[in-house]
Amino acid sequence: MSAESAFQWHRPPAEGFTADDLDQIPDLPSHAELIDGSLILVSPQKRFHMKALRLLENALSGCAPRDRFLVSREMSVVLSPKQRPEPDLIVIHANAEIDDDASWYPADAVVLAIEVVSPESEIRDRVRKPQLYAEAGIPCFWRVENAEGKPVVYAYELDPATKAYVALGIFRDRVQLPTPFPLDIDLTEIERM
């Protein structure tokens, strides 16, 4: 990275960055997010994070009716001009699939956003991102916490009247939910990964 290109993206415009800027900023590290017009650079993830994501991605892919839903990761979601987070995992409408050169999905394509909480992202994953996902109308949100190496899933559904999430349950060994499609996920499978 040249000193000039590093300087360009380290100094945000006075009005903040926009969702479109993420694809234009040279030498931007992978998995950079835009929250409230500010760039968020994600630190390397720990082993638990990777295992939890692999477990959930495989399980959701197995449960999802493929003609209606797809599971994706490492893609950002444009929620508004100044909000472009990258959920750890998303479930999207199958008919919303975009071309192979795209780096983001529109918010209305997403039916479930999942964040696996890391120590450096606790406030974003527990507070700010759920607010943003709810305001954008994403129907379901899961927050995954590390409880001594085991995943605990906090599942939420959007109340469309208040544009806020309401709790569906806390799941320690098995996630069984009817939404966004019938789900039965054995969380203890992480012990065999």
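Quick look at the values:
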item: Residues satisfying the stated conditions in the range 8-51, i.e. closer than 30 Å to Arg174 by Cα and in contact with a Leu (Cβ under 9 Å, 6 or more places away or on another chain); result: His31, Gln45
item: Residue within the range 24-33 that is of a type in the set (Ser, Thr, Tyr) and either at pLDDT 85 or above or in a helix (DSSP H, G or I) (or both) present; result: no
item: All positions within the range 165-193 that are part of a loop (DSSP other than H, G, I, E, B) and farther than 19 Å from Val71 by Cα; result: Arg172, Asp173, Met193
item: Residue satisfying all of: in the range 124-153; in a helix (DSSP H, G or I) and touching a residue at least 40 places away in the same chain (Cβ under 8 Å); most open to solvent (accessible area, probe 1.4 Å) among these; result: Glu135
item: Filter result (assigned to a strand (DSSP E or B) and over 20 Å from Ile190 (Cβ atoms)) within the range 57-89; result: Phe69, Leu70, Ser72, Ser76, Val77, Val78, Ser80, Gln83, Arg84
item: Some residue of the range 160-178 being among the hydroxyl-bearing types (Ser, Thr, Tyr), modelled with pLDDT of 95 or more, open to solvent by 10 Å² or more (accessible area, probe 1.4 Å) and in contact with a strand residue (DSSP E or B) (Cβ under 7 Å, 6 or more places away or on another chain); result: yes
item: Inter-residue pairs, beta-carbon under 7 Å, first buried (at least 20 other Cβ atoms within 10 Å of the Cβ) and in the range 87-110, second part of a loop (DSSP other than H, G, I, E, B) and at pLDDT below 90, 6+ apart; result: Tyr105/Ile98
item: Residue that is farthest from Asp186 (Cα to Cα), among those in the range 40-53 that are surrounded by fewer than 17 Cβ atoms within 10 Å (Cβ to Cβ) and out of contact with any helix residue (DSSP H, G or I) (no Cβ under 9 Å at 6 or more places or on another chain); result: Leu41
item: Search result, residues across the range 149-159 that are modelled with pLDDT of 95 or more and within 18 Å of Ala52 (Cβ to Cβ); result: Lys150, Pro151, Val152, Val153, Tyr154, Ala155, Tyr156
item: Number of positions in the range 17-39 that are touching a residue at least 60 places away in the same chain (Cβ under 8 Å) and surrounded by 15 or more Cβ atoms within 10 Å (Cβ to Cβ); result: 5
item: Qualifying residues in the range 114-123 (those that are open to solvent by less than 60 Å² (accessible area, probe 1.4 Å) and at pLDDT below 95) - the one farthest from Ser61 (Cα to Cα); result: Ser121
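The values are calculated or read from the model by the stated rules, or taken from the named source; none is laboratory data. Everything numeric in this text was worked out from a predicted model, so none of it was measured. Methodologically, a virtual Cβ is constructed for each residue, glycine included, from the backbone with ideal geometry; neighbour enumeration extends over all protein chains shown. Accessible surface areas use protein heavy atoms only, side chains included; no ligands, DNA or RNA. Shrake-Rupley method; radii C 1.70, N 1.55, O 1.52, S 1.80 Å.
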